[in-house]
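Worksheet: the structure to be examined is printed underneath.
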Amino acid sequence: MNNLIAHGEQKKSTWKIFINSLVVLGIMLLFSSMANAEVKAEEITTAEEATAETVEEALEEETAVSAASRYTVVVQDNFGTEVYTTSKEPKTIGDFFEEQGITLGELDILRGELTDEITQGMVINIKRAEDVSFLIDGEDVYTIYMNVYTVGEALSKLKVETGINYTLGEGYSSSQAYNVVDLIPVVSGYTKVETKIVEYYFDTETVENPDLEEGVTNVLSEGQVGSLELTVRVNYENGQAVSTETLKENVLVAPVNRVIEIGTKVEEPESAEDEITGAFSAFTTGTIVRQLTMNSSAYSIDYACTGKTPGMADYGITATGVRAHYGIAAVDPNVIPLGSKLYVEGYGYCLAADTGGAIKGNKIDLCFDSYGEAANYGRKNVTVYVLA
């Protein structure tokens, strides 16, 4: 019995040793596994770091290669500056414009050629066309789309487009840059050939009557106005006619002359004053205040003398506001006051009611009813009596 117990106890001790060995072995294997895991983790981390460095180097290399294969190009025009990048492959400005969507208008000017090759840092200049505005005669604004550098070039294009010989406003120069002036002031100066119908005034025929006292006139028949077609060249400045030249005349309706009789009867007056008083009796009575020797000329209200036709402003109106006719004289007011009653040798009585640019000093301009009479009278020295 005791042997059996001893044998059993021995058998239990053997199993305990075996189990303890297994536990120690398991612990050793666990520690070994953990050590291997740490080594593996270190290896993975080292591999990842190596891969990141490789990728960064590759990216840097690719960026360097990309930069080396691209160009920076600057485009400048009237409205600003733009910076572009483009591939370095052989290409022209035309290819570059197509790639970047840059267009040239019909009037735009490229500094260079579309066939020029693109280079690093290249600056491409474009002169763009734009609206240029003019102030016409201080009133109207006229705008043209054009491509110019100076005010003078802009003015030339305005003349071509309108057909009008404009000139620059005062203080402006043709050499000025057009874009420093918001509105380019111009003045119209142009010529037109015009055709118009005007009244054709009659001449006055004179018939001597020895039974009438000298200087006395009677109208035998009134004249009748005709019509005349005139072709004239009119010069304009600031939109206003400044001079007219007659190119052609065509009579449409012939006028009927006015006929007057002129007295030729001469009576010896007792004195010069009596002679003037008698000749002036139908006009006024009075005494001689002054006697002047003057150079006389003649005019009429016809177009040939005045440059005006019926319907125009102030046609036939004198400086005092009365209508010009036979018996009106133009004088220098410094010599003969306006409103003075006169008797002119060889003409008759008249009223100093008009002035003239050329009538200065001892000159007198006598009005006739027609251009023909005025032309026949000519110019002569006469005695002029100023009456009270």
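The values are calculated or read from the model by the stated rules, or taken from the named source; none is laboratory data. Given the structure is predicted, the values throughout are model-derived calculations rather than measurements. Counting neighbours? That spans all protein chains shown, and the Cβs are built from the backbone with ideal geometry, glycine included. The protein model used for the area step is the full one, side chains on, heavy atoms only, and it has no ligands, DNA or RNA in it. Shrake-Rupley method; radii C 1.70, N 1.55, O 1.52, S 1.80 Å.
Tabulated data for the structure shown
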{"quantity": "Residue match in the stretch 90-97 (condition: in contact with a Gly (Cβ under 6 Å, 6 or more places away or on another chain) and either in contact (Cβ under 8 Å) with a residue 40 or more places away in the chain or small (Gly, Ala, Ser) (or both))", "calculated": "no"}
{"quantity": "Candidate set: the stretch 58-98, residues that are in contact with a helix residue (DSSP H, G or I) (Cβ under 7 Å, 6 or more places away or on another chain) and not aliphatic (A, V, I, L, M); chosen: the one modelled with the highest pLDDT", "calculated": "Tyr84"}
{"quantity": "Scan of the stretch 303-336 for residues that are modelled with pLDDT of 85 or more and touching a Gly at 6+ places or on another chain (Cβ under 9 Å), ordered by number", "calculated": "Ala319, Thr320, Arg323, Ala324, His325, Tyr326, Gly327, Ala330, Val331, Asp332, Asn334, Val335"}
{"quantity": "Filter pass, Tyr326 being open to solvent by 50 Å² or more (accessible area, probe 1.4 Å), assigned to a strand (DSSP E or B) and under 20 Å from Val384 (Cα atoms)", "calculated": "no"}
{"quantity": "Residue check, Asn250 closer than 26 Å to Arg323 by Cβ, under 59 Å from the mean Cα position of the chain (by Cα) and modelled with pLDDT of 80 or more", "calculated": "no"}
{"quantity": "The stretch 155-187 - residue that is β-branched (Val, Ile, Thr) and part of a helix (DSSP H, G or I) and, of those, least open to solvent (accessible area, probe 1.4 Å)", "calculated": "Thr162"}
{"quantity": "Which listed residue, of Val242, Val198, Val219, is in contact with a Leu (Cβ under 6 Å, 6 or more places away or on another chain), among the hydrophobic types (A, V, I, L, M, F, W, C) and either assigned to a strand (DSSP E or B) or over 22 Å from Val344 (Cβ atoms) (or both)", "calculated": "Val198"}
{"quantity": "Complete set of residues in the stretch 183-203 that are under 17 Å from the mean Cα position of the chain (by Cα) and either aromatic (Phe, Trp, Tyr) or closer than 14 Å to Glu170 by Cβ (or both)", "calculated": "Ile184, Pro185, Val186, Val187, Gly189, Tyr190"}
{"quantity": "Hey, Tyr190 surrounded by 15 or more Cβ atoms within 10 Å (Cβ to Cβ), touching a Leu at 6+ places or on another chain (Cβ under 8 Å) and either at pLDDT below 80 or not small (Gly, Ala, Ser) (or both) or not", "calculated": "no"}
{"quantity": "In the stretch 108-146, residue farthest from the chain's Cα centre (by Cα) [restricted to those that are closer than 12 Å to Val73 by Cβ, aliphatic (A, V, I, L, M) and part of a strand (DSSP E or B)]", "calculated": "Val123"}
{"quantity": "Selection count, the stretch 232-252, where residues are β-branched (Val, Ile, Thr) and surrounded by 14 or more Cβ atoms within 10 Å (Cβ to Cβ)", "calculated": "3"}
{"quantity": "Set Gly321, Gly346, Gly339: member being at positive phi, touching a residue at least 24 places away in the same chain (Cβ under 8 Å) and open to solvent by 10 Å² or more (accessible area, probe 1.4 Å)", "calculated": "Gly346"}
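Listed here are the residues, each with its yes/no results for (1) open to solvent by less than 20 Å² (accessible area, probe 1.4 Å); (2) outside any strand (DSSP E or B); (3) closer than 30 Å to Ser243 by Cα; (4) at pLDDT below 90.
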| position | (1), (2), (3), (4) |
| --- | --- |
| Thr277 | no, yes, no, yes |
| Phe283 | no, yes, no, yes |
| Ala352 | yes, no, yes, no |
| Gly357 | no, yes, yes, yes |
| Val386 | yes, no, no, no |
